[in-house]
Amino acid sequence: MPIKALLFDFGGVIVRTEDWSGRARWDQHLGLPENTAYQTVFQSEIARRATLGKVPAADVWAYVAATLNLDDGRLHQFRDDFFAGDRPDTRLIEFMRNLRPRYKTAVLSNAWSDAREIFAGVTGLQDAVDMFIISAEVKLAKPDARIYQLAADRLEIQPGEAIFVDDVAANVEAAHQAGMWAIQFNNTDQVIAEIQHRLGG
């Protein structure tokens, strides 16, 4: 079955945290164990609910502020520092752009209600993809098999006609089980090489 579309995860693939020092400084400043800032933001029950679109992103930040005892000003600084080390992979974005129009491209991401605005702010990304499929908007999250079928339906393809790239092994395996050609992201060179090999070029 020929490939007609490629889907890419956002966090950990298109944008990756390359400098964790901002998060580490807050752990130290608040006298908390290592990675507490990260866990408070992304690994709480309310974060899981936000990923499924059951609560807005603002509720997560309200929870973070309450948990870490941050007033509005400190919460604003915390958010700035938390994401300061994130870097877009401009080479991968350019590669995605060059796949079009021969192939359809999409972002398939577990993300909160504010994700579309965040994604749109990444330079060049909107020109590199046909659509954003965001868990909070569709009320499904990877590795639920239904989100892969939904993505295929929206792209008007069969799952076997898609390549899916993610950094999380469970999401890759679930995509494979759903019938997609699934690649686990390790680095940009590896992913581009694997995609090109599958596309025969």
*asked:* Every residue in region 177-201 that is touching a residue at least 12 places away in the same chain (Cβ under 8 Å), farther than 17 Å from residue 92 by Cα and surrounded by fewer than 21 Cβ atoms within 10 Å (Cβ to Cβ), please.
replied: 177, 179, 181
_Residue in region 44-59 that is over 29 Å from residue 176 (Cα atoms), in contact with a helix residue (DSSP H, G or I) (Cβ under 9 Å, 6 or more places away or on another chain), polar (S, T, N, Q) and buried (at least 17 other Cβ atoms within 10 Å of the Cβ) present_ = no
_Of everything in region 75-108, what is in a loop (DSSP other than H, G, I, E, B) and either of a type in the set (Asp, Glu) or farther than 17 Å from residue 13 by Cα (or both)? Give them in sequence order._
89, 100, 101, 102, 103
_Tally of residues being crowded, with 18+ Cβ neighbours inside 10 Å and under 23 Å from the mean Cα position of the chain (by Cα) across region 60-74_ = 4
*Please indicate, with yes or no, whether at least one residue in region 116-125 is in contact with an Asp or Glu (Cβ under 8 Å, 6 or more places away or on another chain), assigned to a loop (DSSP other than H, G, I, E, B), polar (S, T, N, Q) and in the same structural domain as residue 192 (by TED's automatic domain parsing).*
no
*Taking only pairs six or more apart or across chains, which ones have beta-carbon atoms under 8 Å, a first residue in region 37-65 that is at positive phi, and a second residue that is part of a loop (DSSP other than H, G, I, E, B)?*
53/113; 53/139
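The values are calculated or read from the model by the stated rules, or taken from the named source; none is laboratory data. As the structure is a computational prediction, the values presented were derived from the model and not from experiment. Positions of Cβ are generated from backbone atoms using ideal geometry, with glycine treated the same way; all protein chains shown enter the neighbour counts.
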